[in-house]
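Only the coordinates and a few stated rules stand behind these numbers; no lab work does. On a predicted model such as this, the values are computed, not experimentally measured, just so you know. Note that we place each Cβ from the backbone using ideal geometry, even for glycine, and neighbour counts take in every protein chain shown.
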Amino acid sequence: MESLDNLVKIKELNREPYNQVEFDGMVLAATTKLHDVKLQGLSSDSQFSLAYSAAHALALAALRWHGYRSDKRYIVFQCLQHTLDLENAKWRVLDQCHKRRNLAEYEGHLDIDAQLLKELIELANELL
């Protein structure tokens with residue numbers, strides 16, 4: 001994982017031993033969120049939040065599987081090309097969702113269109 005080791009050198013990632021209990025917890029949390037996203041009556045805001053959190057947990061689990069950790073969400077998504085061999089176009093959708101999440105979280109502006117939400121849910125399920 002030369003690319004990930006390069007991120008360690010510039011302090012974007014940390015090496016940390018794999019932990020099965022942590023990994024299983026992340027996957028279980030993501031699975032629960034992806035189940036809940038299908039509940040009738042949820043707003044698109046709630047669906048987005050659940051699907052985004054699931055995608056992040058799974059992306060972090062993949063990173064942890066390889067013995068790395070980052071506290072920067074965007075890095076976790078960008079590393080999917082190395083940890084799960086995810087196509088660039090797909091992790092870029094997750095990066096776009098990250099930017100939308102930040103706008104909602106830090107500026108109170110959530111603009112989620114139906115197509116982006118659909119892609120996010122599909123990608124989160126693909127990561128699972």
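For this structure, a couple of remarks:
- Total lysine pairs in the chain at Cα distances under 24 Å, for residues eight or more apart or on different chains: 15.
- About its Cα centre, the range 52-105 has a charge dipole of approximately 140 debye under the convention of +1 per Lys or Arg Cβ and -1 per Asp or Glu Cβ, with nothing else charged.
- In this simple spin-label model, placing a label point 7 Å from the Cα along the Cα-to-Cβ direction at both residue 116 and residue 2 gives a separation of 3.6 nm.
- Neighbours of residue 34, meaning other residues whose beta-carbon lies under 13 angstrom from its beta-carbon, give a summed charge of -1 when Lys and Arg score +1 and Asp and Glu score -1.
- A straight line joining the Cα centroids of the range 1-22 and the range 105-119 runs 30 Å.
- Answer label for P(r) over Cα pairs in 10 Å bins from 0, in percent (calculated), chosen among (1) 13, 44, 33, 9, 1; (2) 11, 37, 33, 17, 2; (3) 14, 38, 31, 13, 3: (1)
- The label point for residue 96 and the one for residue 72, both projected 7 Å from the Cα toward the Cβ, are 2.2 nm apart.
- Assigned charges on the beta-carbon of Lys, Arg, Asp, Glu; the chain dipole about Cα centre (debye): 180
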